[in-house]
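Here's the structure we're looking at; comments come further down.
The values are calculated or read from the model by the stated rules, or taken from the named source; none is laboratory data. Predicted, not measured: the structure shown is a model, and the values here were computed from it. Note: ideal-geometry Cβ built from the backbone for every residue, glycine included; neighbour counts use all protein chains shown.
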Amino acid sequence: MNKLIISPSPHVHGGDSIERNMYGVLVALLPALLCSILFFGWGALYVTIAAVASAMLFEYAIQRYLLKQPATIDDGSAVITGVLLAFNLPSTIPLWLVMLGALVAIGIGKMSFGGLGNNIFNPALVGRVFLLISFPVQMTTWPVPRGFETTDAVTGPTPLVFVKQALREHKPFVEVFSPAGGGRDLLDLGTGSGIGGSLGEIAAFALLLGFAYLLIKRVITWHIPVSIFLAIALFSGILHWIDPAYAGPLFHLLSGGVMLGAIFMATDYVTSPMSPRGMWIYGTGIGALTIIIRNFGAYPEGVSFAILIMNAFTPLINKYCKPKRFA
Amino acid sequence: MLKTFTPGGIHPPADKLSSREATVPLPLPERVAIPLSQHIGVPATPLVKKGDRVKAGQLIGEAVGPISANVHSSVSGTVLDIEAVVDASGYARPAVVIRVEGDEWDASVSRQESPGRHLSAFSREEILAAIQAAGIVGMGGATFPTRVKLSPPPGSEPGLLIINGVECEPFLTADHRLMIEKSRELLIGTRFLMKALGVEQAVIGIENNKPDALAGMREAVMKHALGIEVCPLKVKYPQGGEKQLIRAITGRRVPPGALPISVGVVVHNVGTVYAAYEAITMHKPLVERVVTVTGKSLSRPGNYLCRVGTPVACLIEAAGGLPGDTGKVIAGGPMMGKALTSTAVVVTKGTSGVLVIPESEARRQPARDCIRCTKCVKACPMGLEPYLLMTLGEYRQTEALERARVMDCIECGSCNFTCPAHRPLLDIIRLGKSRVGQLMKTRKPS
């Protein structure tokens, strides 16, 4: 008789895999990708392809030639890093900058810590913030979406610029950010029509569709995104209530990188807390920091910084927030 | 809303291939090997020697001390030897090897329910004595001596008996068939156990993926029983775990390190109840049990009434023979069962099933780095952090492991099952538990 295999229990596995979760995230990103191509034209697609290809290439090269270990680029995580990096960039950015951002994201953000599972900071955000600090002009030249209509890109401010403008002029935010004042309708923020911004932050509804998919497929839980939304609504609501020159909750929720950050960046498995209670603290922190940076900081947008800062707190949160013990 | 437990739990595919197969008696094997340690506690002392003639139901091993159980011959025949035989644990332990000759039963055993005696006429002492004499142990897998579980420590107040008919392990159907085929006997057995414990209330917990068992037990309860209730439960693994079942049915939580009696509950498996019924009404010791023989590659998965000490090979033969592509043979279910070193391993009192897994599904996938997805944390029914316990175990942080409550782990395997990185969480946690156990022993003042 052939030899029997011996191993400890359990003898079955649920069939879940790293790939299933990673490709689940990619599927959830598709509606937003389609939207960004519709709004920004082929430039959006080129940036995405460049980011994904260079992220995979750098990961492969680092694993193969520097670390001399089997390459794991087929696990989907480098693809996600590439897409998320692209979603944080303007569609008119030079492609060599995209590649540089991917190198920093993968090389410093991920592989220097030991690869998938070991990094402290969200790799895509490491890449984005590196570019933002090093190449502020290229990184804040936002094309206004014109779809495929024209080859001449017109640049315009992202809606978040109006936040500081209203505070500076000390006028009620709704007056400054109105179609008459050069702003937009709030509904446009949700659909992304006519809004300047990076690839992935212009269509809140497409991102929410991806959120629903992630929840249905049980790739992530609702805790982190919902706590971020609630914290942003709460803190911006308090400020708006004190002084209408501060933008209100709905504007803050629908503009900039909140949806993208809360649904796809803050929920990164590796860099977010492990227990529901920890997730609440983490999400609340991201929401609060975002509102602080947006209203009082030097940059118009604060989601990336807020997530990176809370990433740094994740080990501490994990240490003190334990799941509820049975009994 | 159906009841179930929180936190955690998983939903493995049920794969109950044999749930419609009526229990059939397995033909007697040529020889049996009856281990003297089929229970938790001290092994029984052999009462026979090489060359002795024994009858089925005859006492051949006597319980030693308070936590131990009698062992009886399951067949009639000649004792060939008392030798070390490899059991499901993989270790060789003393067993009485008997060549089977005919099927002659000990005179004390009646093969029928004793006629003419009203069931309420049995006294508490009689019931306990019969269970003690019959060598009954927990048949859900833990094999803790039943007599001990029926004698709550002084000061405790049992208020509720829970009968565990959950059978949450995939593939296994032995308890399921018992509930369909022996519902009346199970209720009588339950009444006996209620009397032994002095409780007025019993609940039979059954998951609602066994509608026929639920209906059968409900009907029997309507006809006969007093103070017994059937409680349907929402399917979730590991609901058959004692603490999870108590939580599901009563909402009470058994504190860490404590026994169910601390919340006034005693849990017994349906198999155990049936054995108790036979012991009390027929003086029949625990020498046979229902074993599910199953696996997707077997030609005839089924449920067999099988004598203790029968080699697993005989059961697999009855189910159509060992398929050529077999990779693993498991005693028990796929979640908590033990992989056998050979099919010569014998059925014991705690063997609820024999599961054959083809080679293609028998190997684990290579483990990868933890991606911190929290799925193990969400799956853990004890509210632990398996990913952390594994890391602490790998770095031999024994004290930190203890603080992280590793001893709460019930080894249900939900973490392993759910891990997308295929990490061997439970393997490392078990090692950690044993290290913490040693540490705790050294701390005890001797």
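Results for (1) more than 14 Å from chain B (Cβ to nearest Cβ); (2) buried (at least 17 other Cβ atoms within 10 Å of the Cβ); (3) in contact (Cβ under 8 Å) with a residue 24 or more places away in the chain; (4) acidic (D, E), shown as yes or no for each residue.
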| site | (1), (2), (3), (4) |
| --- | --- |
| A:L33 | yes, yes, yes, no |
| A:F40 | yes, yes, yes, no |
| A:G43 | yes, yes, yes, no |
| A:A51 | yes, yes, yes, no |
| A:S54 | yes, yes, yes, no |
| A:K68 | yes, no, no, no |
| A:I73 | no, yes, no, no |
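Can you list the helices (runs of 4 or more DSSP H) found entirely within the stretch B:363-441 that contain at least 3 residues being more than 10 Å from chain A (Cβ to nearest Cβ) and over 25 Å from the mean Cα position of the chain (by Cα)?
Helices (runs of 4 or more DSSP H) meeting the threshold: B:386-394, B:398-403.
When you look at B:I357, is it within 12 Å of chain A (Cβ to nearest Cβ) and not in a loop (DSSP other than H, G, I, E, B), yes or no?
Spelling it out, B:I357 is indeed within 12 Å of chain A (Cβ to nearest Cβ) and not in a loop (DSSP other than H, G, I, E, B).
Starting from the stretch A:1-23, take each residue that is more than 7 Å from chain B (Cβ to nearest Cβ) and under 22 Å from B:A379 (Cα atoms) and list its partners that are modelled with pLDDT of 95 or more and outside any loop (DSSP other than H, G, I, E, B), counting only C-beta distances under 7 angstrom and pairs at least six apart or across chains.
Short answer, once both residue conditions are applied: A:M22/A:I80.
Output yes when any residue across the stretch A:307-327 is within 14 Å of chain B (Cβ to nearest Cβ), more than 22 Å from B:C370 (Cβ to Cβ) and surrounded by fewer than 24 Cβ atoms within 10 Å (Cβ to Cβ), and no when none is.
yes
Could you list all residues from the stretch B:329-347 that are part of a loop (DSSP other than H, G, I, E, B), among the aliphatic types (A, V, I, L, M) and at the interface with another protein chain (Cβ under 7 Å from one of its Cβ atoms)?
Matches in the stretch B:329-347: B:M335, B:M336, B:L340.
Report yes if B:G61 is in a strand (DSSP E or B), of a type in the set (G, A, S), crowded, with 22+ Cβ neighbours inside 10 Å and more than 20 Å from the chain's Cα centre (by Cα), otherwise no.
Yes; evaluated as a whole, the condition is true for this residue.
When A:G285 is evaluated against the numbered criteria (1) in a loop (DSSP other than H, G, I, E, B); (2) more than 14 Å from every other protein chain (Cβ to nearest Cβ); (3) surrounded by 18 or more Cβ atoms within 10 Å (Cβ to Cβ), which criterion, by number, is the only one it fails?
(1)
Taking B:T310 as the residue in question, decide whether it is facing another protein chain (nearest Cβ under 7 Å) and in contact (Cβ under 8 Å) with a residue 40 or more places away in the chain.
The answer is no for B:T310.
Among all residue pairs at least 6 apart or on different chains, which show Cβ distances below 6 Å where the first residue, located in the stretch B:339-355, is without any contact (Cβ under 8 Å) to a residue 24 or more places away in the chain and surrounded by fewer than 23 Cβ atoms within 10 Å (Cβ to Cβ) and the second is assigned to a strand (DSSP E or B) and of a type in the set (V, I, T)?
B:A339/B:I330
Filter the stretch A:232-273 down to residues that are away from chain B (no Cβ under 14 Å), aliphatic (A, V, I, L, M) and buried (at least 24 other Cβ atoms within 10 Å of the Cβ), then give me how many there are.
Final tally of qualifying residues: 8.
Which residue, of B:G309, B:G324, B:G320, is buried (at least 24 other Cβ atoms within 10 Å of the Cβ) and either assigned to a loop (DSSP other than H, G, I, E, B) or in contact with a strand residue (DSSP E or B) (Cβ under 8 Å, 6 or more places away or on another chain) (or both)?
Among B:G309, B:G324, B:G320, only B:G309 is buried (at least 24 other Cβ atoms within 10 Å of the Cβ) and either assigned to a loop (DSSP other than H, G, I, E, B) or in contact with a strand residue (DSSP E or B) (Cβ under 8 Å, 6 or more places away or on another chain) (or both).
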